[in-house]
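The values are calculated or read from the model by the stated rules, or taken from the named source; none is laboratory data. From a predicted model like this one, the values you see are computed outputs, not experimental measurements. We place every Cβ from the backbone using ideal geometry, glycine too, and count neighbours over all the protein chains shown. These area figures cover heavy atoms from the full protein model, side chains too; ligands, DNA and RNA do not enter into them. Shrake-Rupley method; radii C 1.70, N 1.55, O 1.52, S 1.80 Å.
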Amino acid sequence: MQLPIQSQSALYAEPWEASAAPADLARIALAADRSGFAYIASCDHIAIPRRLAEGMSTVWYDPVATLSYLAGITERVLLLSHVAVVGLRHPLITAKQYATLDHLSGGRLILGVGAGHVREEFEAVGADFDGRGPVLDETIDALRAALGPEEYPEFAGERFSFGGLGQLPRPAQERVPVWVGGSSSAAVRRAAVRGDGWLPQGDPRDRL
């Protein structure tokens, strides 16, 4: 499940979440772990502009920090970023964060990725909003290299290039699964071509 508390969009948040504390989030994660849930998930937004704050709220926990905290108190449940807007960060930064999470959790990471939709968020950090689709494609390819088994990963693309730079620890998993979020035709194709899984976004059952 996508965890409550850690993101509080008006589309789905319940009133009780507004006053919930980290201890409540921990209790929910522990219950999911004990009950055999496949994964628990955390969302990703850096900052919400005022024009969207009424609907989206500004409550968005950082997914790496949140999942790392919950990894330390759970034992078996998988840890999913649902979804990491990886175009906001250089792939080596993303790789460092999520490789460490996978290492610390004993190989429980599923890296969910998506293109993002908040223009101001991209502009604030100097990321390419209009080209976010091609950026995401290349970022997934770069992350395949950067999250692989090599201490000194190599990658050369149109936007990103790295080599001769060591990153330890490596992920505990030999291959970190990448699930692609979104229900546009581009997102579905991206999931089929580049992903290990797909995270649809609110599609009705007949469309699924």
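Take residue 101 and tell me if it is within 22 Å of residue 200 (Cα to Cα) and either among the charged types (D, E, K, R) or open to solvent by less than 40 Å² (accessible area, probe 1.4 Å) (or both).
no
Look through 122, 162 and report the one residue that is of a type outside the set (A, V, I, L, M), touching a residue at least 12 places away in the same chain (Cβ under 8 Å), more than 22 Å from residue 1 (Cα to Cα) and buried (at least 21 other Cβ atoms within 10 Å of the Cβ).
Details: 162 fails: buried (at least 21 other Cβ atoms within 10 Å of the Cβ).
That would be 122, the only listed residue that is of a type outside the set (A, V, I, L, M), touching a residue at least 12 places away in the same chain (Cβ under 8 Å), more than 22 Å from residue 1 (Cα to Cα) and buried (at least 21 other Cβ atoms within 10 Å of the Cβ).
Kindly check whether there is at least one residue in segment 187-195 that is open to solvent by 70 Å² or more (accessible area, probe 1.4 Å) and of a type in the set (Val, Ile, Thr).
The answer is yes; a qualifying residue exists.
Would you call residue 115 within 30 Å of residue 50 (Cβ to Cβ), open to solvent by 70 Å² or more (accessible area, probe 1.4 Å) and among the aliphatic types (A, V, I, L, M)?
Judged against the criteria, residue 115 is not a match.
Can you pull out every residue in segment 28-54 that is open to solvent by less than 40 Å² (accessible area, probe 1.4 Å) and among the charged types (D, E, K, R)?
33, 44
For every residue, the table says whether it meets (1) in contact with a helix residue (DSSP H, G or I) (Cβ under 8 Å, 6 or more places away or on another chain); (2) among the basic types (Lys, Arg); (3) closer than 24 Å to residue 96 by Cβ; (4) assigned to a helix (DSSP H, G or I).
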position	(1), (2), (3), (4)
127	yes, no, yes, no
168	no, no, yes, no
174	no, no, yes, no
183	no, no, no, no
191	no, no, no, yes
202	no, no, no, no
207	no, yes, no, no
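Only one of 25, 67 is within 30 Å of residue 150 (Cα to Cα) and crowded, with 17+ Cβ neighbours inside 10 Å. Can you tell me which?
Just one listed residue meets the conditions, 67.
So the check is Cβ under 7 Å with 6+ separation or different chains; which pairs have a first residue in segment 18-35 that's among the charged types (D, E, K, R) and a second one that's modelled with pLDDT of 95 or more and open to solvent by less than 60 Å² (accessible area, probe 1.4 Å)?
24/5; 33/74; 33/77
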